[in-house]
Amino acid sequence: MSTEEISLDEAVIRFFDNDLCEFHFTETKHPIGVDTVKEMHDLLTERLGGSKIYMLVSTEPGAQMTQEARDYASSDAFNTLSKADAIIRADYSHEMAANFFIRFNRPGRPVKLFPSREKALDWIESLRS
C-alpha cells in the first residue's frame, strides 16, 4: 500500500491507493477548529477532482474538535467527497465525541466507530466489495 502524506498545522492527510485516505488530527492543546477541517476538505476536493474516497479518521489521544468543525465535517461538503468514514477510537473521550457526531450530526454517508485500524480497514474493504 503506497502512501503520500500532506502535513498541516493540526492534522495530517495520508493517501493510500486511489480510493482511501486518512485524516489524522494531531493537535491536543486546544480544540481543532473549522478552519482546519475546511483546509482538509479543500485539499481533498482539489486532489480528487470530483471523485469520492473512503476515509479513515484518527486522532491523537486527547484531541478534540469544536462543534462548528463537527458540523462542517458532517455537511454536504464532505458528503460529496466521502463514500464512508471509519473513525478509529483513540480514547474514551474520543469514543464519546465520535458517537455524539454519528448520532446527532448524522452525516449523509455511512460512518462507524472502530476500536482498531484493522477493524476499520476490514469494514472499508467490505464496502468496496
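The values are calculated or read from the model by the stated rules, or taken from the named source; none is laboratory data. Remember, predicted model here, so these are calculated numbers, not experimental data. Here Cβ is always computed from backbone atoms with ideal geometry, including for glycine, and neighbour counts include all displayed protein chains.
Pairing each residue of the range 48-69 that is farther than 12 Å from Ile32 by Cβ and touching a residue at least 12 places away in the same chain (Cβ under 8 Å) with any residue that is among the aromatic types (Phe, Trp, Tyr) and buried (at least 16 other Cβ atoms within 10 Å of the Cβ), provided the two are 6+ apart or on different chains, yields C-beta distances under 7 Å for Met55/Phe23. Assuming Asp35 fulfils every condition listed in (1) surrounded by fewer than 16 Cβ atoms within 10 Å (Cβ to Cβ); (2) closer than 23 Å to Thr3 by Cα; (3) modelled with pLDDT of 90 or more apart from one, which condition is it? With (1) surrounded by fewer than 16 Cβ atoms within 10 Å (Cβ to Cβ); (2) closer than 23 Å to Thr3 by Cα; (3) modelled with pLDDT of 90 or more applied to Asp35, the lone miss is (2). Working only within the range 21-31, note down all residues that are part of a strand (DSSP E or B) and either closer than 14 Å to Pro61 by Cβ or in contact (Cβ under 8 Å) with a residue 40 or more places away in the chain (or both). If the condition is that a residue be part of a strand (DSSP E or B) and either closer than 14 Å to Pro61 by Cβ or in contact (Cβ under 8 Å) with a residue 40 or more places away in the chain (or both), then His24, Phe25 are the ones that fit. Filtering the range 98-113 to residues that are of a type in the set (Gly, Ala, Ser), surrounded by fewer than 18 Cβ atoms within 10 Å (Cβ to Cβ) and within 13 Å of the chain's Cα centre (by Cα) leaves nothing.
In the range 73-91, the residues that are free of Cβ contacts under 8 Å to residues at least 60 places away in the same chain reach residues that are in a loop (DSSP other than H, G, I, E, B) and among the basic types (Lys, Arg) with C-beta atoms within less than 7 angstrom, at least six apart or across chains, in these pairs: Ser74/Arg106; Asn79/Arg109; Leu81/Lys52; Ser82/Lys52; Ser82/Arg109; Ala84/Arg109; Asp85/Arg109. Scanning the range 8-23 finds no residues that are closer than 21 Å to Ile124 by Cβ, in contact with a Pro (Cβ under 7 Å, 6 or more places away or on another chain) and at pLDDT below 95.
Sub-8 Å Cβ pairs linking a first residue in the range 101-114 that is of a type in the set (S, T, N, Q) to a second residue that is in a loop (DSSP other than H, G, I, E, B), at least 6 apart or interchain, are Asn105/Ser74, ordered by first then second residue.
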